[in-house]
Every structure is written in structure tokens, then in C-alpha cells.
Amino acid sequence: MAPPTPVLAVRGSQGLCMVNGPPHFTESTVLPRVNIISVTNESLLHSFDLPKAVCLEFSPRSTVLATWQPYTTSKDGAAGVSNLQLYDVKTGTCLKSFIQKKMQNWCPSWSEDEAICARNVNNEVHFFENNNFNTIVNKLHLQKISDFVLSPGPQPYKVAVYVPGSKGAPSFVRLYQYPNFDGPHAALANKSFFKADKVTMLWNKKASAVLVIASTDVDKTGASYYGEQTLHYIAANGESAAVQLPKSGPIYDVVWSSNSAEFCAVYGFMPAKATIFNLKCDPVFDFGTGPRNAAYYSPHGHILVLAGFGNLRGQMEVWDVKNYKLISKPVAPDSTYFAWCPDGEHILTATCAPRLRVNNGYKVWHYSGSVLHRCDVPSEAELWQVSWQPFPDGVFPAKAVTHRAPPRGEPEAAVAYRPPALRNKPPTSSRLHEEEPPQNMKPQPGNDKPLSKTALKNQRKHEAKRAAKQEARSDRSVDLAPAPPQSPARGTVSPPTSGDPEVDKKIKNLRKKLKAIEQLKEQAAAGKQLEKNQLEKIQKEKGLLRELGDLELGV
């Protein structure tokens, strides 16, 4: 029996619709309001009157629908009404209502079989069983507990909890096995660290280990304006380690492979480095550096996409990670969303509001780089969300990776801007940042012996110091183009002028604005959240470049 065709759910200012996946991409009628739709026969199951609902989430088996509305209180100071509702999808009845003041971590967490469900409430994690929310079966109590993450997969269930440090005490993450929470030796593993204002905890698929990204809001050493991130590994058997990243700078993304035996990290000041590590936290493969800030393993773990989205140009590198061979390098400009199709063959990229309110739309790609379907939203409308229909593991069998050429032409790569004076001249190799090639494309000395662990560690330290010095020099560099040749006489060569003071003034102002935009793009690439007016400035770059080019034509 052939596997089913995944469906795309598309939500925007024009409503909610369902689109059949590859190869047909046929669209059904627009669906109004907050409804529950059966995608097998498109029949309406239930409709809820929730005019203020801003968050919706299904339980893993779609038996419970969780909704969240902003918490409000009356003018007289009386307590507000419950704003978190849990509905039975079959009957449409409300199973339970809670007060959930903050939008952060609003949704309860379920195990994949929905045998247990958990909520964080006032220094405790409350556990419910079999979707009976009237009885709290177990509690995990830790003072000032900030966050928790349930493990994936079947029993035995595990939970990772995070407690931030205070008054000189370190922050820590502990792993427990449900329901063994009491006693001094109840924790499976414990990892403490000082540099952590917040953490992100990532279980692998087999629930055997957790990766913890610890972040600080400010780097007290002054090395980075954007704070500091460290990566830690914690195994359920009690082992733990700090993952040594050979390039300094932010950690943009960390993702587990579906085989649970390796993970990929994207890190370092731009151009960012990408490396695959094993469970001993040793590097397995180095992808070199490039304009990237995200990594995405395919559902079967055989393909890895390294991408530069957000304020980068949308370049993607599609890798066969079994043979470490590059498959394709498509470009998806202005993308704000990426998702693998459950079949492991197709990719979804989208430009959604409110992140970007122009050029909204989505594309469906084959991993070889060809665009199979494209939907552009009209300029007066917005696309808010697009998502693949989820499927359990095993529905789609893994297929061998093909390195064939795309059946359709790949999108044109973004061309770097060249001043008019250089457009008719051969390109030079001068760059603000020299990119490092992948490990299997570097020159390999024939007689070099493998380095010992100590020598390898020292080599990483030296490489990190050299990279930091190079980036410090690059940050002080202003001009992307080569400097004009010096005349024999002393002094500097002034830039060419038009002879018109007003035109020269406009050119100077345009260059100043473009330099400011370039600095904003570098800040965004390093992880800083830009304001709305700063994003609008970046969107004006193309127009400024055209205006500058027109003015320079007369110089």
C-alpha cells in the first residue's frame, strides 16, 4: 500500500485552507473561524466560539485541543477567569480550565502516548495521567524551577528540569525518571553551570541524552555585545560534558539526528561554522564556514540542510550525511520558516507575517534543489502560518539519496553588489570574511599522523584565538572593495567626485546608510533581535543600491 500524501495547512489574512502535497498541490475551499476539520473527509467536527484565542495546540495523538487567550483581570481588581482550556476533540466538551498568566510555556506537555501530561505551576511540575485533569497524580518540587521538558518516546518517561542560579549559586539541569522524584539520589544526572540566564533543553529521539544551550544576556568579559552561549551534554546514565566549540561567537542552532547518535551545531561569528559531533562530544565532520544560522535533519536523518535565514540571504546547503557529499545549494530569499515534509524528500520554505509583511508566500522543493510548487500571496494580503500534516514514524519508508541534477532550473543565486566602476572588470578574491571549506574539501597532507586528544585540544584553542583576532580585524574593516593604488607622493587617494557638490553629498549619505544597513545585518546574523524600524531599513537596501549606482554612473 502506497503511503498517503501529506497535506499543507495554510493560514493567513485570507483565511485557512488545506493544500494537497506533491505532486498535485490542489487547494480546497477556505475554512472560516476556529474549527476542527477532519482532513480525511474535510468534514467539520466541532466549532468553538473563542474570539480572543491566540494559541492553539493539539496533543500528540490529537485527542485534546489546548487553547490560550490573554489573561485579563477586571477593573475592580478581582481575579481573572481561566484562560487556558483543554477540549476533548471527539466530544467537543471542555475537560479542564486553568489560569495561565504568561504566554511563555503556556501549553501543557504530553508524552507521545498521552499517558502522562505535565504543567509547571509555582515551583512545581504537576503530572496528570490518561488525560484526567481533575487529579494531580504526581508532583516534582524544586524551588524556583523555571522550565522542564518531557522526553520523547514510550516508557520509561523522563523529564529534564532547569533551575536558574541565584545569590552566587550556579544554575543546574537535572534529569529524572517518572515518577521517581523524591530522595537525594533520585536524579539520573545533574549538570551545573554559572553562565546561564536561560537555557534550551533538547532531548534526542531515544531519550538517552539532553543537549543544553545555556545563554547569558550580557557577556561580562566584554568580548561580545550579544551575550554568551555555551553548549552542554547530559546523558541519562549520569555522564555530562561541555561541548568544545572551536570557533568563538554565538550558538545559532543545535539539532539532533534522528539516529540519536550525533548532533549538529551551527556557531561562531559570521561566517558561521557547522560541525557534527558524536555522543563523546568529539567532532565527526566539519562543514567549514558559510552564511548560515540554522540546521535541519530530514525525518530519516540521512539528509542535513544548513541554511542562512532571517537577515541572511536564504542560501541552503543540502548534504548527504552518510557520505558527507553536497547534493545541492538552492536559495530561498526572505524565508522566515523551514520544514521537512514527513516523507523525507520535500522541503517547505515560507515568508510569513509579522516577521516580514512583504513578499509573503511559500515554496515546496525537492531536496535536489528544484521548486515543485510556489504560492505567492497578493500584496494586500498576509501569510501567517503554513505547516505540514504530521505523521507517526514509519509511515514513509526511507529512500536512497539521489545526487541527480534538478529536473527544473535552480533559482538564481543572489548576486553580490558591485560598484559601477568595477562591473566591467574581472572579479577579485578580496572578501571581508574568507570562508573555510568543508573538511573533505581541504588539502590533506599525506604523511600527517592523527593528533592526540591533548594536541587536538591545544590546536582548537589556537584556532579559536586566531579566529577571534581575524574577526576583530574584520570588524574594524570598512571597505569591501580593494583600496585604490597609492600614488608615489605621500597622502591618501580621495574617492572620485562628480564635480557637483550636491551629487557628492548624496553619494556620501547613501554610502553612510548602506554601511549602517550592513552593520544591522551583521548584528541580526549574530543573534540580535532587531526592531521594526531597523528591519524596514534593511528592506530599503536594494533601492539605496540602485540610487547609488545611478549617481555613480556620472562620476
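Taken together, the values in this text are just the output of simple stated rules run on the coordinates, not laboratory data. Because the structure is predicted, anything quoted here is derived from the model rather than measured. In this analysis, Cβ positions are derived from the backbone assuming ideal geometry, glycine residues included, and neighbour counts consider all displayed protein chains.
Summing Lys, Arg as +1 and Asp, Glu as -1, what charge do residues with Cβ under 11 Å from the Cβ of residue 540 carry, residue 540 excluded? Net of charged neighbours comes to +1.
Backbone geometry of segment 372-379 corresponds, through the Karplus equation with coefficients 6.51, -1.76 and 1.60 at θ = phi - 60°, to 3J(HN,Hα) couplings of 8, 8, 9, 10, 9, 7, x, 4 Hz, x marking Gly and Pro. In the structure shown, do any of 167/280; 247/329; 198/537; 144/206 have a Cα-Cα gap over 26 Å, and if so which? Flagged as over cut-off: 167/280; 198/537; 144/206. Using the charge dipole of segment 296-400 (Lys, Arg: +1 at Cβ; Asp, Glu: -1 at Cβ; taken about the Cα centre), state which of 386, 346, 324 has its Cα farthest towards the positive end. Among 386, 346, 324, the one farthest towards the positive end of the dipole of segment 296-400 is 324.
Across segment 243-331, C-alpha contacts under 8 Å between residues 6 or more apart give a mean separation that, scaled by the residue count, equals a relative contact order of 19 percent.
Taking other residues whose beta carbon is less than 12 angstrom from the beta carbon of residue 235, and scoring Lys, Arg as +1 and Asp, Glu as -1, yields +3.
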